[in-house]
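So the structure is just underneath, and the comments pick up after that.
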Amino acid sequence: MLRGPSRADLGVGNMLARLPSSPGRLQLPLLMPRLLMSNSLLRQSRISKLCDSSAARPNLRPIQVFARYQSSAAKQHSESRTQDAEVLRDLKAPDTTPDFRRTGSDNGQASTSGRLPQTVQELQSVIASNCPVFYFHPEERYYPCTVQWFLERCELQLIRKGWRRRVLRVIEQVGGLDGETLKRAEAWFGAQPFKRSFMMLRLVDPQHRSGQRNQINQVPIYAHAKELVDPQTGRRTALEINYMKFLAYNGSYKLFGWIPAGNLGAHDADWEHVTMRLTPDGRSVLGVYYSAHRHEDGVWRSAKDVPRSEKGRPLAHIAVNGHGSYPTAGTIPRIFFAANDKTSNQGAVWDPERCVIVTNNGEGGALPKVEDRGSDLDGSSYLALGRGAKSAPDRQKPAGRRPAAAFEPAEWLEYGGRWGTTVAAPARQDWFARAENPVSRTWLQQVLFPLAPGIESIYEPALEEVEEALEGARENMEHMQEEVRREADEVQRRVERWVKGDKK
């Protein structure tokens, strides 16, 4: 015999029966387990019998419930999931930031617009596919070398600043230098109170200035990748890759192209670079920045104007002796026309077989984020290699076969001293730590407002003397202030003792 519903059962049933109904809403038997969760109000067994009982059905019409009658907890859960989805779509989301120490599957669909390459292999492919090919001038005498090759032929010196610049001590002799030694030397120097000195790498034997001329293609180019973000919104805007070329020596100038100028502009070690700007996913090249001597003294070329090899890799022309990079061959006027750069496509071709990725000292991990500073680009683009891009064959162009790319340890990046007499450590240079210079310099600026390498050797000692004098004056001022402070304290103590003695 079926027992009738209790008063509590009928009360709840009547309350639910008053809810409005319309097509497309959920039937009570489907929502009953979610809506009637409290055993204190309804007993599950009785409700089940109530729904199945023919005696109870006349009192209840078909019940439908709005989706809006979900519990507040369900609403909050739904809102939370929606917010999570929006954050994941946001290009700042740490969940979508790849860690390039991983070699497994990607963090998602790497080709999505606005997203970085997601695996080590994808980043290596982007860097290798867009590595430039370089032309040297036929008169060039100083060629690239590996960092390790250079360090093995250097000694590390401690130099006194100023006109009386001299070697205070040799920190490490020839043959004892490597990346780990430089790292330890930097830690040692940082702990010393050397306010008027700096560390410098010096190539001891002039015969080594020519670099690795006979093994030029075995010399790698060093690559540093950065993630550019909008300073206002934080969204990814581009992927920048600095391709850094290292040469053992920077030759001197010949004024007006034929007048010898001694050692003007000459120095050991020469870091130069070319910067590729790509879409965040690395699919398309937006342009190339050809840096010359100092990163401010360079030009942007939009994708449609970038010269490329038969295989589609960008081409760069290296100026004789000074090693600045230019998109074309010819004469580039500079420094009141007295120290013009000369480039050519008739000399040796440097088609690196390897790209050494030194981002995060070669240890991998997430790419560093830097603020996008803009660029002089017109919005054109071309597909990066490995994704269907090809260039028309040209026998005068090098093939530009794709090199290998891999992360390698680069402890030498932690060295903050000088490479040669004037060149700052690459990791301390502005182009390494920030986005590339946003504007191109016109030939008029290059002629009338020069930024010449090596000229620092003329005026830098004078600046160091001025800095030393200012530092000395600052120390004297601090000493005088300390003396006045001590005398004032002593006078105050005497007054306090006199007041106390007078009261007694």
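The values are calculated or read from the model by the stated rules, or taken from the named source; none is laboratory data. Fair warning: this is a prediction, and the values are worked out from it, not measured in the lab. Note: ideal-geometry Cβ built from the backbone for every residue, glycine included; neighbour counts use all protein chains shown.
Here's the yes/no breakdown for (1) in the same structural domain as Met276 (by TED's automatic domain parsing); (2) β-branched (Val, Ile, Thr); (3) surrounded by fewer than 23 Cβ atoms within 10 Å (Cβ to Cβ); (4) modelled with pLDDT of 90 or more:
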residue	(1), (2), (3), (4)
Leu201	yes, no, no, yes
Asp205	yes, no, yes, yes
Asn217	yes, no, yes, yes
Ile221	yes, yes, no, yes
Val229	yes, yes, yes, yes
Ala248	yes, no, no, yes
Ile259	yes, yes, yes, no
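Condition first: charged (D, E, K, R) and either at pLDDT below 65 or assigned by TED's automatic domain parsing to the domain that holds Asp351 (or both). Can you find one or more residues in segment 414-421 that meet it? Break it down stepwise before answering.
At the first step, the residues of segment 414-421 found to be charged (D, E, K, R) are 414, 418.
Checking the rest, the ones that are also either at pLDDT below 65 or assigned by TED's automatic domain parsing to the domain that holds Asp351 (or both) come to 414, 418.
Yes, that holds for at least one residue.
Just to check your reading of the model, which residue among Ala410, Ala399, Ala389, Ala384 is among the hydrophobic types (A, V, I, L, M, F, W, C) and at pLDDT 90 or above?
On the way: Ala399 fails: at pLDDT 90 or above; Ala389 fails: at pLDDT 90 or above; Ala384 fails: at pLDDT 90 or above.
Criteria check complete, one pass: Ala410.
What are the pairs with Cβ atoms under 7 angstrom where one residue, in segment 239-266, is under 27 Å from Asn217 (Cα atoms) and the other, located anywhere, is basic (Lys, Arg) and assigned to a loop (DSSP other than H, G, I, E, B)? Sequence gap at least six, or different chains.
Cβ pairs passing all conditions: Gly251/Arg141.
Name every residue in segment 296-314 that is over 17 Å from Leu286 (Cβ atoms) and either in contact with a strand residue (DSSP E or B) (Cβ under 8 Å, 6 or more places away or on another chain) or surrounded by 21 or more Cβ atoms within 10 Å (Cβ to Cβ) (or both), in order of residue number.
From segment 296-314, those over 17 Å from Leu286 (Cβ atoms) are 296-297, 309-311; that's our starting set.
Those that are over 17 Å from Leu286 (Cβ atoms) and either in contact with a strand residue (DSSP E or B) (Cβ under 8 Å, 6 or more places away or on another chain) or surrounded by 21 or more Cβ atoms within 10 Å (Cβ to Cβ) (or both): Asp297, Ser309.
Pick from segment 114-139 the residues that are charged (D, E, K, R) and at pLDDT below 90: which of them is surrounded by the most Cβ atoms within 10 Å (Cβ to Cβ)? Let's see the steps before the verdict.
Narrowing segment 114-139 to residues charged (D, E, K, R): 115, 122, 139.
From the residues that got through so far, the ones that are at pLDDT below 90 too are 115, 122.
Values: Arg115: 22, Glu122: 19.
Among residues in segment 114-139 that are charged (D, E, K, R) and at pLDDT below 90, the one surrounded by the most Cβ atoms within 10 Å (Cβ to Cβ) is Arg115.
Yes/no matrix, rows are residues, columns are (1) in a loop (DSSP other than H, G, I, E, B); (2) touching a residue at least 24 places away in the same chain (Cβ under 8 Å); (3) surrounded by fewer than 19 Cβ atoms within 10 Å (Cβ to Cβ):
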| residue | (1), (2), (3) |
| --- | --- |
| Arg141 | yes, yes, yes |
| Gln157 | no, yes, no |
| Arg164 | yes, no, yes |
| Ile171 | no, yes, no |
| Ala185 | no, yes, no |
| Phe189 | no, yes, yes |
| Pro193 | yes, no, yes |
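Out of the residues in segment 143-152 meeting the condition of being assigned to a loop (DSSP other than H, G, I, E, B) and touching a residue at least 60 places away in the same chain (Cβ under 8 Å), tell me which one is nearest to the chain's Cα centre (by Cα).
Of the residues in segment 143-152, the ones assigned to a loop (DSSP other than H, G, I, E, B) are 143, 145-146, 152.
Now narrow it down to the ones that are touching a residue at least 60 places away in the same chain (Cβ under 8 Å): 143, 145-146.
Values: Tyr143: 27, Cys145: 24, Thr146: 22 Å.
Residue satisfying both the conditions and the ranking: Thr146.
Conditions: (1) crowded, with 16+ Cβ neighbours inside 10 Å; (2) modelled with pLDDT of 90 or more. Ser197 meets all but one. Number of the miss?
Among (1) crowded, with 16+ Cβ neighbours inside 10 Å; (2) modelled with pLDDT of 90 or more, the lone unmet condition for Ser197 is (2).
Please go through segment 360-374 and pick out each residue that is touching a Lys or Arg at 6+ places or on another chain (Cβ under 8 Å) and either closer than 30 Å to Gln215 by Cα or surrounded by fewer than 22 Cβ atoms within 10 Å (Cβ to Cβ) (or both). Before you say what the answer is, go through the steps one by one.
Step one: filter segment 360-374 for residues touching a Lys or Arg at 6+ places or on another chain (Cβ under 8 Å), giving 363-365, 367-371, 373.
Across segment 360-374, the qualifying residues are Glu363, Gly364, Gly365, Pro368, Lys369, Val370, Glu371, Arg373.
I'm checking my understanding of the structure. Among residues of segment 208-231 that are in contact (Cβ under 8 Å) with a residue 24 or more places away in the chain and part of a helix (DSSP H, G or I), which one is farthest from Leu151 (Cα to Cα)? Can you show your working first?
Restricting attention to segment 208-231, the residues satisfying the condition of being in contact (Cβ under 8 Å) with a residue 24 or more places away in the chain are 208-213, 216-231.
Pick out the ones that are also part of a helix (DSSP H, G or I) and you get 208-210, 213, 216-218.
Working: His208: 11, Arg209: 12, Ser210: 14, Arg213: 17, Ile216: 17, Asn217: 19, Gln218: 17 Å.
Per the criteria, the residue is Asn217.
Looking only at residues in segment 413-439 that are touching a Pro at 6+ places or on another chain (Cβ under 9 Å) and not in a loop (DSSP other than H, G, I, E, B), which one is nearest to Val229 (Cα to Cα)?
Our first condition is that a residue be touching a Pro at 6+ places or on another chain (Cβ under 9 Å); within segment 413-439, this holds for 413, 419, 422-423, 432-433.
Next cut, not in a loop (DSSP other than H, G, I, E, B) only: 413, 419, 423, 432-433.
Working: Leu413: 24, Trp419: 31, Val423: 29, Phe432: 16, Ala433: 14 Å.
Applying the filter and picking the extreme gives Ala433.
Within segment 274-349, which strands (runs of 3 or more DSSP E) (wholly inside it) include 2 or more residues that are among the charged types (D, E, K, R), at pLDDT below 95 and assigned by TED's automatic domain parsing to the domain that holds Asp230? Break it down stepwise before answering.
Values: elements: 284-292, 294-302, 315-318, 330-332, 341-343.
Of the strands (runs of 3 or more DSSP E) lying wholly inside segment 274-349, those with at least 2 residues that are among the charged types (D, E, K, R), at pLDDT below 95 and assigned by TED's automatic domain parsing to the domain that holds Asp230 span 294-302, 341-343.
So Glu467 ticks every box in (1) in the same structural domain as Ile335 (by TED's automatic domain parsing); (2) farther than 21 Å from Lys245 by Cβ; (3) modelled with pLDDT of 65 or more but one. Which box is left unticked?
The one condition Glu467 does not meet is (1).
For segment 261-273, how many residues are surrounded by 24 or more Cβ atoms within 10 Å (Cβ to Cβ) and assigned to a loop (DSSP other than H, G, I, E, B)?
Selection size over segment 261-273: 1.
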